[in-house]
Amino acid sequence: MVNDIIKDPLGDSDYNCRVYLGNGAHPLKAPLLLEWVTVPVGLTGTKLGCGEGGCGSCTVMVSKYSPLEKKILHIAINACLAPLCSLHHAAVTTVEGIGSTATQIHPVQERIAKSHGSQCGFCTPGIVMSVYTLLRNKPEPTMEEIEDTLQGNLCRCTGYRAILEGLSTFAKPLNCCGQSGKENGCCKGQFGANHLGPSNCCGQNGTENGCCKGQFGVNPPGMSPRLFEPSEFKPLDPTQEPIFPPELLVGTNVTFLR
């Protein structure tokens, strides 16, 4: 991550803009965030796809302190559309900033890789950063929230099932009926919307083929074996995420007068 004062390319004056990104100072040579992080800074993990904010391959996380809410806000944005100096007092996290094979990969990266959720890999950094931003805001999301956060990310070759199966391991544990069909109901109601569960559900009866809980975990008849073992994944630990740069905590002691 870098602490840069952005230089005016047309003169010697500084913009009133401070962006925290990596290490080392780089002059402003491009008006958009994507052009700046990939060329002058050299962080090429963020990809240029459509250039219109539609494919999500350029997704990065922007973090800002909100004096009004008195907390740090994490937002996933399209770097291909974000003017660089709109990021005043912002921390920008690219896919390189959360983990790599040279050091240690992040649990989001690990689960997409081990669940075979990447083929050509061009869209993968954007998918990783979309889900990473969600997890920074909500470490234990629902499956519906994971699906919603990926609505702006397109994948043309892998197919979404492998991606969603891997990322589903971040979701809250299902409140399953345990083959009783009572209490909180069968898994059918919870799995049906995202199509990740088996089709021969007990229908809240707990009879016939049993509850979805048992079948989803042991590869039901007609389904191929799972390609990964969830228990082998590194757990997500929110306490190990990079902290928000203290120098960007502006507005904490500011009095506004009219």
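The values are calculated or read from the model by the stated rules, or taken from the named source; none is laboratory data. Just so it is clear, the structure is predicted and the values come from calculations on it, not from any experiment. Positions of Cβ are backbone-derived with ideal geometry, glycine not excepted, and every protein chain shown enters the neighbour counts. Areas reflect the complete protein model, heavy atoms only, side chains present, ligands, DNA and RNA absent. Shrake-Rupley method; radii C 1.70, N 1.55, O 1.52, S 1.80 Å.
Looking at LYS71, is it among the charged types (D, E, K, R) and closer than 23 Å to ILE243 by Cα? Spelling it out, LYS71 is indeed among the charged types (D, E, K, R) and closer than 23 Å to ILE243 by Cα. Give me the residue from the stretch 86-120 that is in contact with a Ser or Thr (Cβ under 9 Å, 6 or more places away or on another chain) and of a type in the set (S, T, N, Q) and, out of that set, surrounded by the fewest Cβ atoms within 10 Å (Cβ to Cβ). The residue in question is GLN119.
Any residue in the stretch 127-150 that is farther than 26 Å from VAL39 by Cβ, of a type in the set (D, E, K, R), open to solvent by 40 Å² or more (accessible area, probe 1.4 Å) and in contact with a strand residue (DSSP E or B) (Cβ under 6 Å, 6 or more places away or on another chain)? Yes.
For the stretch 115-146, the candidate set comprises residues that are part of a helix (DSSP H, G or I) and touching an Asp or Glu at 6+ places or on another chain (Cβ under 8 Å); within that set, the residue that is farthest from GLN240 (Cα to Cα) is LEU134. For the stretch 79-102, a tally of residues being farther than 20 Å from PRO246 by Cβ, among the aliphatic types (A, V, I, L, M) and either more than 17 Å from the chain's Cα centre (by Cα) or part of a strand (DSSP E or B) (or both) returns 4.
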